[in-house]
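A.B. asks: Sharing a structure here in structure tokens format.
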Amino acid sequence: MTVDYHLGEPLPIQVNQDTIHLSLGQFSTCSIALKGATVYSYTQNTIERLFTSSLSSLSTSDPTPIRGGVPLCWPIFGPPNKDNELYNKLKQHGFARSSTWQFVKEESECQGENGCHAVFKLEPTPSITSLFPLPFSLKYLVSLSPSGLSLSLTVSSPSSAIAPLPFQALLHSYFRLPDSINPTLVKVTPLENLRYTDKILGGAEETERRKEVMVDGPGGEVDRVYLRASDRLKLSWGEEGAGGGGVEMKKKNLCDVVLWNPGPEKGKGMKDLEEGGAARFVCLEPGQTSQWVSLEPGEEWTGSIDLSFT
Ligand code: TA6
């Protein structure tokens with residue numbers, strides 16, 4: 001469906017069977033799959049800034065999580081604790097990223113050049129309850145503005161709940177790299193002096209000594225959870241003003257950040273990652289992972305990020 005654009009007039013939100021499309025005039029666009037409320041595309045000045053594997057299905061009829069964009073990891077991050085019956089039926093990173101979310105049309109709107117936002121929600125279904133028995137309500141706000149893309153996840157425990165709601169939450173952001181940039185040329189700041197668990201070293205805890213952390217682990221693989229990271233992070237490549245670029249992330253209520261790239265060898269073994277895909281992204285994933293959130297009945301929690309791209 002083509003829509004004639006008139007400067008200053010808000011473009012309508014395009015609602016398809018499995019996807020929702022926002023547009024901020026000619027400046028930026030954002031596409032969200034109802035599967036996982038996964039933001040799988042964000043373009044700025046027609047340049048795609050997220051990586052989503054071409055082998056991923058956006059369809060809600062395919063329960064496989066989308067490989068790319070910004071999958072939502074909830075109520076757990078990482079593999080489930082098999083000794084905890086609350087979580088031991090879950091798959092890695094929880095069920096939110098593979099569940100079909102509802103687009104909340106009445107709370108979504110585009111106001112022309114000033115901004116455009118879409119709201120999504122997820123509440124227990126019988127299949128979710130069979131995996132995770134606690135009541136919850138998730139609301140996710142995806143906002144386009146002239147400064148970039150903002151994502152905000154709110155978790156609520158209904159006042160009718162009879163037990164606390166403990167969870168982890170993480171935005172598993174796949175940032176696309178220009179074709180000329182390999183992950184080993186990407187640097188992340190500021191991580192200096194942070195403690196981190198290195199999943200390649202079996203979860204050993206280390207201290208980051210580098211001012212600028214290059215994504216250059218053994219065989220190109222990096223998989224680290226940096227604890228209590230700064231709320232302002234930067235992933236960049238090249239030199240500012242000389243063809244360089246990157247993304248600045250402001251996070252709120254997400255204390256940790258994961259830095260991940262599987263490297264070319266492990267990337268080849270991932271059946272839903274297109275050939276050479278591992279070289280096309282770096283994941284910088286803000287999350288509440290080391291310290292679980294626990295909501296009492298009637299309480300809510302919000303974690304959010306503001307992303308600006310150069
Ligand atoms: O966030 C990093 C990580 O936990 C890695 O250990 C790797 O498993 C990655 O997530 C991808 O996980 P997925 O379940 O999407 O294949």
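The values are calculated or read from the model by the stated rules, or taken from the named source; none is laboratory data. Because the structure is predicted, anything quoted here is derived from the model rather than measured. Note that we place each Cβ from the backbone using ideal geometry, even for glycine, and neighbour counts take in every protein chain shown. We work out accessible area using only protein heavy atoms, side chains counted, and drop any ligands, DNA or RNA first. Shrake-Rupley method; radii C 1.70, N 1.55, O 1.52, S 1.80 Å.
A.B. asks: In whole angstrom, how far apart do the alpha carbon centroids of segment 87-134 and segment 202-273 sit?
C.D. replies: Spelled out, the Cα-based centre of one part sits 26 Å from the other.
A.B. asks: Specify the residue with the greatest mean-square fluctuation among Ser180, Ser294, Ser98, computed from a Gaussian network of the chain linking alpha-carbon atoms under 10 Å apart.
C.D. replies: Ser180
A.B. asks: Moving on to the next point. Please arrange Phe136, Phe103 by accessible surface area, largest first, computed with a 1.4 Å probe and ligands excluded.
C.D. replies: If we order Phe136, Phe103 from most to least accessible, we get Phe103, Phe136.
A.B. asks: With the contact rule set at Cα under 8 Å and sequence spacing of 6 or more, what percent relative contact order holds for the chain?
C.D. replies: Computed over the chain, the figure is 17 percent.
A.B. asks: Rounded if a/c is under 1.5, else prolate if a/b is larger than b/c, else oblate: which is segment 89-183, with a ≥ b ≥ c the root eigenvalues of its Cα gyration tensor?
C.D. replies: oblate
A.B. asks: Where a Cα-Cα gap under 16 Å defines reach, which lysines qualify for Lys234, not counting those fewer than 8 residues away within the same chain?
C.D. replies: Leaving aside lysines fewer than 8 places away in the same chain, those within reach of Lys234 are Lys187, Lys211, Lys250, Lys251, Lys252.
A.B. asks: Where does each of Trp260, Trp74 land when they are ordered by accessible area, with a 1.4 Å probe and the largest first?
C.D. replies: Trp260, Trp74
A.B. asks: Now for a separate question. If contacts are Cα pairs under 8 angstrom and at least 6 residues apart, what is the relative contact order of segment 241-301 in percent?
C.D. replies: Over segment 241-301, the number comes to 38 percent.
A.B. asks: Related question: What aspartates and glutamates does Lys139 reach when the alpha-carbon gap must be under 12 Å and sequence neighbours fewer than 8 apart in one chain are set aside?
C.D. replies: Cα-Cα hits under 12 Å: Glu107, Glu123, Glu300.
A.B. asks: What do you get for trypsin sites (Lys or Arg not before Pro) in segment 255-310 restricted to DSSP loop and a cutoff of at most 11 other Cβ within 10 Å of the site's Cβ?
C.D. replies: Answer by residue number: Lys271.
A.B. asks: Please build a GNM for the chain, connecting alpha carbons under 10 Å apart, and tell me which residue among Tyr226, Tyr87, Tyr196 fluctuates the most.
C.D. replies: It is Tyr87.
A.B. asks: Then there is this: Given an 8 Å cut-off on Cα distances and at least 6 residues of separation, report the relative contact order of segment 194-310 as a percent.
C.D. replies: Relative contact order, segment 194-310: 25 percent.
A.B. asks: Please work through the chain and write down the cysteines that have no neighbouring cysteine Cβ at a distance under 4.7 Å.
C.D. replies: Cys30, Cys73, Cys255, Cys283
A.B. asks: Also, quick follow-up: Which of Pro158, Pro65, Pro262 ends up with the largest GNM mean-square fluctuation for the chain, with Cα atoms connected below 10 Å?
C.D. replies: Pro158
A.B. asks: Express the carbon and sulfur contribution to the solvent-accessible surface of segment 145-198 as a percent, rounded to the nearest whole number, probe 1.4 angstrom.
C.D. replies: 54 percent
A.B. asks: Lysines near Lys268 by alpha-carbon distance under 20 Å, same-chain residues fewer than 8 away left out - which ones?
C.D. replies: Lys199
A.B. asks: On the protein heavy atoms, probe 1.4 angstrom, tell me the percent of accessible surface of segment 1-116 carried by carbon and sulfur.
C.D. replies: Carbon and sulfur atoms account for 49 percent of the accessible area of segment 1-116.
A.B. asks: Pull out a ≥ b ≥ c, the square roots of the eigenvalues of the alpha-carbon gyration tensor of segment 201-260, then state rounded if a/c is under 1.5, prolate if not and a/b is larger than b/c, and oblate in the remaining case.
C.D. replies: Oblate, since a/c reaches 1.5 and b/c is not below a/b.
A.B. asks: Determine the calculated [θ] at 222 nm for the chain from helices alone, applying -39500 (n - 2.57) to every DSSP H run no shorter than 4 residues and normalising by the residue count; nearest 500 deg cm²/dmol.
C.D. replies: Only helices count here, giving -1000 deg cm²/dmol.
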